[in-house]
1. Tell me, what HN-Hα J-couplings in whole Hz come from the Karplus equation 6.51 cos²θ - 1.76 cosθ + 1.60 at θ = phi - 60° for each residue of region 126-133, using x for Gly and Pro?
2. How far apart, in nm, are the 7 Å Cα→Cβ label points at Glu355 and Asp320?
3. What base-10 log of the normalised intensity I(q)/I(0) is obtained for region 309-387 from the Debye formula, alpha carbons as equal point scatterers, at q = 0.11, 0.12, 0.22 Å⁻¹?
4. Students sometimes get this wrong: rank Glu185, Glu202 by accessible area, probe 1.4 Å, all chains present, largest first.
5. If we restrict to alpha carbons, what Rg and Dmax does region 168-309 come to, in Å?
6. In Å, what Rg and Dmax follow from the Cα atoms of region 123-168?
7. Considering amide H positions built from the backbone, and no H for Pro or chain starts, which residues 5 or more places from Asn431, or on another chain, come under 5 Å of its amide H?
8. Find, among the chymotrypsin sites (Phe, Trp or Tyr not before Pro) in region 90-179, those assigned to loop by DSSP (not H, G, I, E, B) with at most 14 other beta-carbon atoms within 10 angstrom.
Amino acid sequence: MSAPKSHNPAGEPRRGHASPHHDRAEAAGAKIQSPSASWSSPLHSLSGRRLALVVTGGVAAYKAAELARMWTRAGAEVRVVLTENAARFITPLTFESLTGQPAYLDMWDRPQFEIEHISLANWAEAAVVAPATADFLAKMAHGLADDFASTFMLAADCPLLAAPAMNSRMLAAPATRANLQTLAERGVTLIAPGTGQLACGEVGDGRLADLETIALITARSLGPGDFVGRAVAVTAGSTREPWDDIRFLANRSTGRMGLALAQAAWLRGADVTLVAGPAVPAPPALPGFTFQAVETTVDLLAALREVDFQTLIMAAAPADFRPAERTSGKIKKGGGAPLLPLAANPDILKSLPREPGRLFVGFAAEDDDLLRRAEAKLRDKDLDLVAANRAGPRRGGAPPQPRHGRAASAETEVPSPPTSGSGDAFAAADNHLWLVFRDGRWSEITVRPKFAAAWALLDVVRTLRPADR
Ligand code: CTP
(Lines give C-alpha, C1' and ligand atoms only; values in the text may rest on other atoms or scores of the structure.)
Protein backbone atom coordinates (compact mmCIF):
# COMPACT_ATOMS: atom_id res chain seq x y z
CA MET A 1 0.00 0.00 0.00
CA SER A 2 1.35 3.43 -0.84
CA ALA A 3 1.55 5.89 2.00
CA PRO A 4 -0.73 8.91 2.06
CA LYS A 5 1.64 11.63 0.97
CA SER A 6 0.78 15.12 2.03
CA HIS A 7 -1.26 16.97 4.56
CA ASN A 8 -4.04 19.03 3.08
CA PRO A 9 -6.19 20.36 5.89
CA ALA A 10 -9.90 20.25 5.25
CA GLY A 11 -10.10 23.25 7.54
CA GLU A 12 -13.33 24.87 8.47
CA PRO A 13 -14.10 26.87 5.36
CA ARG A 14 -17.03 29.21 5.70
CA ARG A 15 -19.57 28.82 2.95
CA GLY A 16 -17.29 26.43 1.18
CA HIS A 17 -14.20 28.60 0.80
CA ALA A 18 -11.03 27.56 2.57
CA SER A 19 -8.90 30.57 3.28
CA PRO A 20 -5.14 30.37 2.75
CA HIS A 21 -4.83 32.52 5.85
CA HIS A 22 -6.64 29.83 7.78
CA ASP A 23 -4.30 27.11 6.51
CA ARG A 24 -1.21 29.08 7.44
CA ALA A 25 -2.60 29.95 10.83
CA GLU A 26 -3.48 26.34 11.58
CA ALA A 27 -0.02 25.16 10.55
CA ALA A 28 1.44 27.74 12.91
CA GLY A 29 -0.64 26.36 15.76
CA ALA A 30 -3.19 29.17 16.01
CA LYS A 31 -6.74 28.12 16.72
CA ILE A 32 -8.92 29.62 14.01
CA GLN A 33 -12.31 28.05 13.68
CA SER A 34 -15.11 29.12 11.44
CA PRO A 35 -18.51 29.52 13.15
CA SER A 36 -19.67 26.25 11.57
CA ALA A 37 -17.14 24.31 13.67
CA SER A 38 -19.34 24.72 16.74
CA TRP A 39 -22.70 23.93 15.16
CA SER A 40 -24.28 20.94 16.84
CA SER A 41 -27.63 20.96 15.06
CA PRO A 42 -29.03 22.04 11.68
CA LEU A 43 -30.67 25.12 13.16
CA HIS A 44 -27.29 26.44 14.24
CA SER A 45 -26.68 27.24 10.59
CA LEU A 46 -28.96 30.23 11.33
CA SER A 47 -26.65 31.62 13.97
CA GLY A 48 -25.91 35.27 13.38
CA ARG A 49 -28.58 35.52 10.68
CA ARG A 50 -31.26 38.24 10.76
CA LEU A 51 -34.80 36.90 10.53
CA ALA A 52 -38.07 38.81 10.38
CA LEU A 53 -41.09 36.81 11.52
CA VAL A 54 -44.49 38.17 10.46
CA VAL A 55 -47.32 36.85 12.59
CA THR A 56 -50.83 37.23 11.20
CA GLY A 57 -54.19 36.76 12.87
CA GLY A 58 -55.02 33.08 13.16
CA VAL A 59 -55.31 30.82 16.18
CA ALA A 60 -51.91 29.35 15.32
CA ALA A 61 -50.36 32.76 16.13
CA TYR A 62 -49.48 31.40 19.56
CA LYS A 63 -47.23 28.82 17.90
CA ALA A 64 -45.16 31.62 16.37
CA ALA A 65 -43.79 32.33 19.83
CA GLU A 66 -42.17 28.89 19.89
CA LEU A 67 -40.78 29.44 16.40
CA ALA A 68 -39.24 32.76 17.46
CA ARG A 69 -37.73 31.04 20.47
CA MET A 70 -36.33 28.19 18.39
CA TRP A 71 -34.54 30.58 16.06
CA THR A 72 -33.32 32.80 18.92
CA ARG A 73 -31.89 29.76 20.72
CA ALA A 74 -30.12 28.77 17.52
CA GLY A 75 -28.32 32.12 17.62
CA ALA A 76 -30.38 34.05 15.05
CA GLU A 77 -31.50 37.63 15.58
CA VAL A 78 -35.28 37.59 15.32
CA ARG A 79 -37.54 40.61 14.93
CA VAL A 80 -41.27 40.04 14.93
CA VAL A 81 -44.02 41.98 13.16
CA LEU A 82 -47.63 41.40 14.19
CA THR A 83 -50.78 42.35 12.39
CA GLU A 84 -53.49 43.93 14.49
CA ASN A 85 -55.47 40.69 14.41
CA ALA A 86 -52.42 38.66 15.45
CA ALA A 87 -52.13 40.92 18.49
CA ARG A 88 -55.59 39.76 19.56
CA PHE A 89 -54.15 36.27 19.96
CA ILE A 90 -50.67 37.08 21.29
CA THR A 91 -48.91 40.25 22.39
CA PRO A 92 -45.81 41.96 21.02
CA LEU A 93 -44.40 41.76 24.55
CA THR A 94 -44.34 37.96 24.35
CA PHE A 95 -42.09 38.14 21.31
CA GLU A 96 -39.94 40.95 22.70
CA SER A 97 -39.36 38.88 25.83
CA LEU A 98 -38.45 35.77 23.87
CA THR A 99 -36.23 37.41 21.27
CA GLY A 100 -34.75 40.38 23.13
CA GLN A 101 -35.55 42.41 20.00
CA PRO A 102 -38.30 44.93 19.25
CA ALA A 103 -41.63 43.63 17.94
CA TYR A 104 -43.60 45.82 15.56
CA LEU A 105 -47.34 46.27 15.33
CA ASP A 106 -48.52 49.72 14.36
CA MET A 107 -46.94 51.84 11.63
CA TRP A 108 -47.80 55.01 13.52
CA ASP A 109 -47.14 54.33 17.18
CA ARG A 110 -43.37 54.79 17.13
CA PRO A 111 -42.81 58.19 15.58
CA GLN A 112 -39.08 58.17 14.91
CA PHE A 113 -37.05 59.65 12.16
CA GLU A 114 -36.46 56.19 10.69
CA ILE A 115 -39.22 54.67 8.58
CA GLU A 116 -39.24 51.41 10.43
CA HIS A 117 -40.93 49.09 8.00
CA ILE A 118 -38.32 50.12 5.42
CA SER A 119 -35.36 49.87 7.75
CA LEU A 120 -36.61 46.45 8.86
CA ALA A 121 -36.85 45.43 5.21
CA ASN A 122 -33.23 46.49 4.75
CA TRP A 123 -32.20 44.66 7.91
CA ALA A 124 -33.89 41.27 7.29
CA GLU A 125 -32.05 38.43 5.52
CA ALA A 126 -35.30 36.44 5.32
CA ALA A 127 -38.95 37.29 6.00
CA VAL A 128 -41.21 34.48 7.16
CA VAL A 129 -44.98 34.79 7.53
CA ALA A 130 -46.16 32.21 10.07
CA PRO A 131 -49.01 31.68 10.40
CA ALA A 132 -50.14 33.24 7.11
CA THR A 133 -53.90 33.81 6.97
CA ALA A 134 -55.92 33.73 3.75
CA ASP A 135 -56.36 37.49 4.08
CA PHE A 136 -52.66 38.21 4.44
CA LEU A 137 -51.75 35.91 1.54
CA ALA A 138 -54.29 37.78 -0.58
CA LYS A 139 -52.71 41.09 0.37
CA MET A 140 -49.26 39.79 -0.50
CA ALA A 141 -50.46 38.41 -3.82
CA HIS A 142 -52.08 41.70 -4.77
CA GLY A 143 -49.48 44.07 -3.39
CA LEU A 144 -51.77 45.64 -0.80
CA ALA A 145 -49.88 47.56 1.86
CA ASP A 146 -51.93 49.24 4.56
CA ASP A 147 -50.23 48.24 7.81
CA PHE A 148 -46.75 47.54 9.13
CA ALA A 149 -46.73 43.85 8.19
CA SER A 150 -47.97 44.28 4.62
CA THR A 151 -45.81 47.33 3.86
CA PHE A 152 -42.81 45.48 5.23
CA MET A 153 -43.50 42.41 3.08
CA LEU A 154 -43.93 44.56 -0.01
CA ALA A 155 -40.63 46.34 0.65
CA ALA A 156 -38.58 43.25 1.58
CA ASP A 157 -36.38 41.94 -1.22
CA CYS A 158 -34.82 39.11 0.76
CA PRO A 159 -36.09 35.47 0.53
CA LEU A 160 -39.80 35.49 1.42
CA LEU A 161 -41.48 32.48 3.01
CA ALA A 162 -45.06 31.88 4.08
CA ALA A 163 -46.62 29.10 6.12
CA PRO A 164 -50.39 29.19 5.49
CA ALA A 165 -52.77 28.17 8.29
CA MET A 166 -56.54 28.34 7.92
CA ASN A 167 -59.74 26.35 7.65
CA SER A 168 -59.49 23.69 4.94
CA ARG A 169 -62.32 25.13 2.88
CA MET A 170 -60.68 28.56 2.92
CA LEU A 171 -57.47 26.89 1.80
CA ALA A 172 -59.24 25.04 -1.01
CA ALA A 173 -61.14 28.14 -2.17
CA PRO A 174 -60.24 29.11 -5.75
CA ALA A 175 -59.24 32.62 -4.63
CA THR A 176 -56.77 31.31 -2.06
CA ARG A 177 -55.38 28.73 -4.48
CA ALA A 178 -54.87 31.42 -7.12
CA ASN A 179 -53.15 33.68 -4.59
CA LEU A 180 -50.85 30.87 -3.49
CA GLN A 181 -49.99 30.11 -7.09
CA THR A 182 -49.20 33.78 -7.76
CA LEU A 183 -46.93 33.91 -4.74
CA ALA A 184 -45.17 30.67 -5.71
CA GLU A 185 -44.60 31.99 -9.22
CA ARG A 186 -43.03 35.11 -7.76
CA GLY A 187 -40.57 32.98 -5.81
CA VAL A 188 -42.20 33.00 -2.38
CA THR A 189 -41.41 29.73 -0.62
CA LEU A 190 -44.70 28.26 0.57
CA ILE A 191 -44.47 25.86 3.48
CA ALA A 192 -47.29 23.39 3.00
CA PRO A 193 -49.81 23.18 5.83
CA GLY A 194 -50.41 19.87 7.52
CA THR A 195 -53.57 17.84 7.99
CA GLY A 196 -55.31 17.34 11.29
CA GLN A 197 -57.75 18.84 13.74
CA LEU A 198 -58.30 22.53 12.95
CA ALA A 199 -59.22 25.30 15.37
CA CYS A 200 -62.77 25.31 14.00
CA GLY A 201 -63.16 21.68 15.08
CA GLU A 202 -63.05 20.31 11.55
CA VAL A 203 -60.43 17.84 10.43
CA GLY A 204 -58.58 18.57 7.20
CA ASP A 205 -55.77 20.50 5.53
CA GLY A 206 -54.81 23.85 6.92
CA ARG A 207 -52.89 23.26 10.14
CA LEU A 208 -49.76 25.36 10.45
CA ALA A 209 -46.79 23.24 9.33
CA ASP A 210 -44.62 21.65 11.99
CA LEU A 211 -42.48 24.39 13.58
CA GLU A 212 -39.22 22.51 13.06
CA THR A 213 -40.10 22.17 9.38
CA ILE A 214 -40.67 25.94 9.12
CA ALA A 215 -37.43 26.64 10.97
CA LEU A 216 -35.43 24.27 8.75
CA ILE A 217 -36.90 25.47 5.46
CA THR A 218 -35.95 28.99 6.53
CA ALA A 219 -32.42 27.82 7.26
CA ARG A 220 -32.22 26.19 3.83
CA SER A 221 -33.37 29.38 2.12
CA LEU A 222 -30.40 31.13 3.74
CA GLY A 223 -27.92 28.28 3.17
CA PRO A 224 -24.98 28.53 0.80
CA GLY A 225 -26.87 26.64 -1.93
CA ASP A 226 -23.69 24.96 -3.06
CA PHE A 227 -25.40 21.55 -3.44
CA VAL A 228 -28.41 22.81 -5.38
CA GLY A 229 -29.23 20.43 -8.23
CA ARG A 230 -27.20 17.61 -6.72
CA ALA A 231 -28.81 14.29 -5.77
CA VAL A 232 -27.14 13.04 -2.62
CA ALA A 233 -27.82 9.66 -1.03
CA VAL A 234 -26.69 9.15 2.54
CA THR A 235 -26.86 6.00 4.63
CA ALA A 236 -26.94 5.98 8.41
CA GLY A 237 -26.92 3.68 11.39
CA SER A 238 -26.57 0.00 12.01
CA THR A 239 -28.59 -2.58 10.15
CA ARG A 240 -30.26 -5.41 12.08
CA GLU A 241 -29.90 -9.05 11.17
CA PRO A 242 -32.65 -11.09 12.80
CA TRP A 243 -32.07 -14.66 13.97
CA ASP A 244 -35.62 -15.12 15.17
CA ASP A 245 -38.67 -12.86 15.21
CA ILE A 246 -37.54 -11.16 18.41
CA ARG A 247 -33.76 -11.00 18.33
CA PHE A 248 -31.18 -9.64 15.98
CA LEU A 249 -27.46 -8.97 15.49
CA ALA A 250 -26.44 -5.33 15.15
CA ASN A 251 -23.67 -2.92 16.14
CA ARG A 252 -23.43 0.24 18.19
CA SER A 253 -23.77 2.78 15.38
CA THR A 254 -26.60 5.22 16.17
CA GLY A 255 -26.75 6.92 12.77
CA ARG A 256 -26.09 10.40 14.15
CA MET A 257 -23.26 11.09 11.71
CA GLY A 258 -25.30 9.97 8.70
CA LEU A 259 -28.31 11.97 9.83
CA ALA A 260 -26.10 15.05 10.27
CA LEU A 261 -24.68 14.57 6.77
CA ALA A 262 -28.12 14.21 5.23
CA GLN A 263 -29.41 17.31 7.01
CA ALA A 264 -26.32 19.37 6.16
CA ALA A 265 -26.49 18.38 2.48
CA TRP A 266 -30.19 19.29 2.39
CA LEU A 267 -29.54 22.67 4.06
CA ARG A 268 -26.99 23.34 1.32
CA GLY A 269 -29.64 22.69 -1.32
CA ALA A 270 -29.15 19.01 -2.24
CA ASP A 271 -32.00 16.65 -3.03
CA VAL A 272 -31.37 14.12 -0.30
CA THR A 273 -32.32 10.50 0.17
CA LEU A 274 -31.48 9.17 3.60
CA VAL A 275 -31.58 5.39 3.87
CA ALA A 276 -31.24 4.44 7.50
CA GLY A 277 -31.19 1.50 9.83
CA PRO A 278 -34.17 0.95 12.15
CA ALA A 279 -32.72 2.76 15.17
CA VAL A 280 -32.43 6.07 13.33
CA PRO A 281 -35.36 8.39 14.15
CA ALA A 282 -37.28 9.76 11.17
CA PRO A 283 -36.39 13.43 10.63
CA PRO A 284 -39.23 15.94 10.08
CA ALA A 285 -40.83 15.75 6.64
CA LEU A 286 -39.16 18.24 4.32
CA PRO A 287 -39.46 18.97 0.61
CA GLY A 288 -36.45 17.55 -1.22
CA PHE A 289 -35.69 15.13 1.60
CA THR A 290 -36.67 11.47 1.32
CA PHE A 291 -36.32 9.20 4.32
CA GLN A 292 -36.38 5.45 4.01
CA ALA A 293 -35.94 3.06 6.91
CA VAL A 294 -34.50 -0.39 6.22
CA GLU A 295 -33.78 -3.35 8.44
CA THR A 296 -31.01 -5.53 7.03
CA THR A 297 -27.87 -5.00 4.95
CA VAL A 298 -29.54 -6.78 2.03
CA ASP A 299 -32.50 -4.35 2.34
CA LEU A 300 -30.09 -1.40 2.42
CA LEU A 301 -28.43 -2.53 -0.80
CA ALA A 302 -31.81 -3.10 -2.48
CA ALA A 303 -33.01 0.37 -1.43
CA LEU A 304 -29.87 2.07 -2.73
CA ARG A 305 -30.17 0.34 -6.09
CA GLU A 306 -33.45 2.24 -6.53
CA VAL A 307 -31.99 5.67 -5.68
CA ASP A 308 -30.85 7.89 -8.51
CA PHE A 309 -27.89 9.58 -6.82
CA GLN A 310 -24.87 11.53 -8.00
CA THR A 311 -23.11 11.41 -4.65
CA LEU A 312 -23.32 8.55 -2.17
CA ILE A 313 -22.07 9.01 1.36
CA MET A 314 -22.02 5.65 3.13
CA ALA A 315 -22.01 6.62 6.78
CA ALA A 316 -24.00 3.53 7.77
CA ALA A 317 -22.39 0.65 9.58
CA PRO A 318 -24.12 -2.23 7.80
CA ALA A 319 -23.74 -5.60 9.53
CA ASP A 320 -21.12 -7.62 7.65
CA PHE A 321 -22.67 -10.94 8.70
CA ARG A 322 -26.16 -12.26 9.20
CA PRO A 323 -27.46 -15.41 10.82
CA ALA A 324 -27.52 -17.98 8.05
CA GLU A 325 -31.05 -18.89 9.04
CA ARG A 326 -33.90 -16.98 10.58
CA THR A 327 -36.19 -18.98 12.81
CA SER A 328 -39.81 -17.90 12.87
CA GLY A 329 -41.25 -17.18 16.29
CA LYS A 330 -39.08 -16.95 19.38
CA ILE A 331 -36.37 -19.51 20.07
CA LYS A 332 -36.96 -20.81 23.60
CA LYS A 333 -34.02 -21.09 25.93
CA GLY A 334 -35.16 -24.46 27.22
CA GLY A 335 -33.35 -26.16 24.36
CA GLY A 336 -29.99 -24.72 25.46
CA ALA A 337 -27.87 -22.05 23.75
CA PRO A 338 -28.52 -22.16 20.02
CA LEU A 339 -25.68 -22.29 17.52
CA LEU A 340 -25.83 -19.36 15.13
CA PRO A 341 -23.98 -20.08 11.91
CA LEU A 342 -23.37 -16.81 10.05
CA ALA A 343 -23.44 -15.94 6.38
CA ALA A 344 -21.56 -13.01 4.80
CA ASN A 345 -23.60 -9.98 3.77
CA PRO A 346 -22.87 -8.23 0.48
CA ASP A 347 -20.46 -5.31 0.56
CA ILE A 348 -22.77 -2.49 -0.48
CA LEU A 349 -20.13 -0.08 -1.75
CA LYS A 350 -18.58 -2.82 -3.87
CA SER A 351 -21.94 -3.95 -5.22
CA LEU A 352 -23.23 -0.63 -6.59
CA PRO A 353 -22.47 0.15 -10.22
CA ARG A 354 -19.81 2.78 -10.90
CA GLU A 355 -21.76 4.85 -13.39
CA PRO A 356 -19.89 7.85 -14.85
CA GLY A 357 -20.21 11.02 -12.80
CA ARG A 358 -21.06 9.24 -9.56
CA LEU A 359 -19.07 10.16 -6.48
CA PHE A 360 -18.56 7.52 -3.78
CA VAL A 361 -17.65 8.52 -0.24
CA GLY A 362 -17.08 5.79 2.30
CA PHE A 363 -16.44 5.80 6.00
CA ALA A 364 -13.94 3.63 7.79
CA ALA A 365 -14.62 2.63 11.36
CA GLU A 366 -11.30 1.47 12.78
CA ASP A 367 -9.96 0.51 16.15
CA ASP A 368 -6.30 0.80 15.09
CA ASP A 369 -4.02 1.82 12.21
CA LEU A 370 -6.63 4.29 11.06
CA LEU A 371 -5.08 5.88 7.98
CA ARG A 372 -3.52 2.76 6.50
CA ARG A 373 -6.76 0.82 6.83
CA ALA A 374 -8.77 3.73 5.44
CA GLU A 375 -6.52 3.92 2.41
CA ALA A 376 -6.79 0.17 1.89
CA LYS A 377 -10.60 0.50 1.96
CA LEU A 378 -10.49 3.36 -0.52
CA ARG A 379 -8.57 1.19 -3.00
CA ASP A 380 -10.45 -2.03 -2.29
CA LYS A 381 -13.89 -0.41 -2.62
CA ASP A 382 -12.91 1.99 -5.43
CA LEU A 383 -13.96 5.15 -3.58
CA ASP A 384 -13.32 8.84 -4.19
CA LEU A 385 -12.89 9.66 -0.53
CA VAL A 386 -12.84 7.84 2.78
CA ALA A 387 -13.63 9.51 6.09
CA ALA A 388 -12.04 7.47 8.83
CA ASN A 389 -13.05 7.61 12.43
CA ARG A 390 -12.31 5.63 15.48
CA ALA A 391 -14.71 2.94 16.61
CA GLY A 392 -14.37 0.95 19.76
CA PRO A 393 -11.70 1.24 22.41
CA ARG A 394 -8.21 2.19 21.25
CA ARG A 395 -5.83 -0.76 20.93
CA GLY A 396 -2.05 -0.45 21.29
CA GLY A 397 -0.83 2.41 19.12
CA ALA A 398 1.71 5.15 19.34
CA PRO A 399 2.20 7.52 22.23
CA PRO A 400 0.31 10.82 21.95
CA GLN A 401 1.83 13.28 19.51
CA PRO A 402 1.20 17.00 19.14
CA ARG A 403 -1.20 17.62 16.29
CA HIS A 404 0.85 20.32 14.60
CA GLY A 405 4.11 18.42 14.83
CA ARG A 406 2.50 15.51 13.01
CA ALA A 407 1.21 17.80 10.29
CA ALA A 408 4.67 19.26 9.76
CA SER A 409 6.23 15.86 9.09
CA ALA A 410 3.42 14.61 6.94
CA GLU A 411 5.07 15.28 3.60
CA THR A 412 7.02 12.08 3.89
CA GLU A 413 5.47 9.96 6.61
CA VAL A 414 2.23 8.24 7.30
CA PRO A 415 1.20 9.71 10.64
CA SER A 416 0.65 7.46 13.59
CA PRO A 417 -2.92 6.66 14.49
CA PRO A 418 -4.51 9.83 15.78
CA THR A 419 -4.55 9.94 19.51
CA SER A 420 -6.45 13.13 20.21
CA GLY A 421 -10.18 13.55 20.11
CA SER A 422 -13.11 11.85 21.68
CA GLY A 423 -12.07 8.27 20.92
CA ASP A 424 -14.96 6.03 19.96
CA ALA A 425 -17.08 7.75 17.29
CA PHE A 426 -20.04 5.39 17.70
CA ALA A 427 -22.73 6.87 19.89
CA ALA A 428 -20.63 9.98 20.59
CA ALA A 429 -21.88 13.53 20.10
CA ASP A 430 -18.58 14.62 18.53
CA ASN A 431 -16.44 13.20 15.78
CA HIS A 432 -12.84 13.47 14.66
CA LEU A 433 -12.41 12.57 11.00
CA TRP A 434 -9.42 11.70 8.92
CA LEU A 435 -9.97 12.08 5.21
CA VAL A 436 -8.07 9.94 2.74
CA PHE A 437 -8.16 10.95 -0.92
CA ARG A 438 -7.62 8.90 -4.05
CA ASP A 439 -4.38 10.66 -4.91
CA GLY A 440 -2.83 9.74 -1.58
CA ARG A 441 -3.41 13.05 0.19
CA TRP A 442 -4.93 13.01 3.64
CA SER A 443 -6.40 15.67 5.87
CA GLU A 444 -8.07 16.03 9.20
CA ILE A 445 -11.33 17.45 10.47
CA THR A 446 -10.54 18.15 14.08
CA VAL A 447 -12.90 17.00 16.80
CA ARG A 448 -16.21 18.84 16.82
CA PRO A 449 -19.97 18.15 17.04
CA LYS A 450 -21.11 15.63 14.44
CA PHE A 451 -23.21 18.19 12.60
CA ALA A 452 -20.18 20.50 12.32
CA ALA A 453 -18.04 17.57 11.17
CA ALA A 454 -20.66 16.76 8.53
CA TRP A 455 -20.64 20.38 7.34
CA ALA A 456 -16.83 20.39 7.06
CA LEU A 457 -16.87 17.03 5.24
CA LEU A 458 -19.33 18.47 2.72
CA ASP A 459 -17.00 21.42 2.20
CA VAL A 460 -14.53 18.83 0.93
CA VAL A 461 -17.04 16.66 -0.97
CA ARG A 462 -18.24 19.77 -2.82
CA THR A 463 -14.81 20.22 -4.36
CA LEU A 464 -14.30 16.59 -5.46
CA ARG A 465 -14.78 15.39 -9.00
CA PRO A 466 -15.68 11.73 -9.49
CA ALA A 467 -12.71 9.63 -10.56
CA ASP A 468 -12.55 8.38 -14.15
CA ARG A 469 -13.24 4.71 -13.76
N1 CTP B 1 -19.86 -0.96 4.02
C2 CTP B 1 -20.57 -1.46 2.95
N3 CTP B 1 -21.08 -2.72 3.01
C4 CTP B 1 -20.88 -3.49 4.08
C5 CTP B 1 -20.12 -3.00 5.17
C6 CTP B 1 -19.62 -1.73 5.11
O7 CTP B 1 -20.74 -0.76 1.97
N8 CTP B 1 -21.38 -4.71 4.12
C9 CTP B 1 -19.34 0.41 3.93
C10 CTP B 1 -19.57 1.26 5.16
O11 CTP B 1 -20.79 1.96 5.08
C12 CTP B 1 -18.38 2.21 5.11
C13 CTP B 1 -17.30 1.37 4.46
O14 CTP B 1 -17.95 0.30 3.78
O15 CTP B 1 -18.62 3.32 4.28
C16 CTP B 1 -16.32 0.77 5.45
O17 CTP B 1 -17.05 0.13 6.48
P18 CTP B 1 -16.28 -0.52 7.72
O19 CTP B 1 -17.29 -1.08 8.66
O20 CTP B 1 -15.25 0.42 8.26
O21 CTP B 1 -15.45 -1.68 7.04
P22 CTP B 1 -15.85 -3.03 6.41
O23 CTP B 1 -15.91 -2.88 4.93
O24 CTP B 1 -17.09 -3.58 7.05
O25 CTP B 1 -14.58 -3.92 6.78
P26 CTP B 1 -14.04 -4.34 8.24
O27 CTP B 1 -15.28 -4.61 9.05
O28 CTP B 1 -13.25 -5.56 7.96
O29 CTP B 1 -13.21 -3.20 8.76
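The values are calculated or read from the model by the stated rules, or taken from the named source; none is laboratory data. What you see is a predicted model; the values in this text were computed from it and never measured. Neighbour counts run over all protein chains shown; Cβ positions are idealised from the backbone, glycine included. Keep in mind that these areas ignore ligands, DNA and RNA; they rest on the heavy atoms of the full protein, side chains included. Shrake-Rupley method; radii C 1.70, N 1.55, O 1.52, S 1.80 Å.
1. 8, 10, 10, 9, 8, x, 9, 7
2. Placing both labels 7 Å along Cα→Cβ, they lie 3.0 nm apart.
3. -0.45, -0.51, -1.03
4. Details: Glu185 135, Glu202 65 Å².
The ranking, largest first, comes out as Glu185, Glu202.
5. Taking only Cα atoms of region 168-309, I get Rg and Dmax of 18.7, 58 Å.
6. 10.4, 35
7. Distant-sequence amide H within range of Asn431: Arg448, Lys450.
8. Values: sites: Phe95, Tyr104, Trp108, Phe113, Trp123, Phe136, Phe148, Phe152; in loops: Trp108, Phe113.
Here the sparse-neighbourhood loop sites are Trp108, Phe113.
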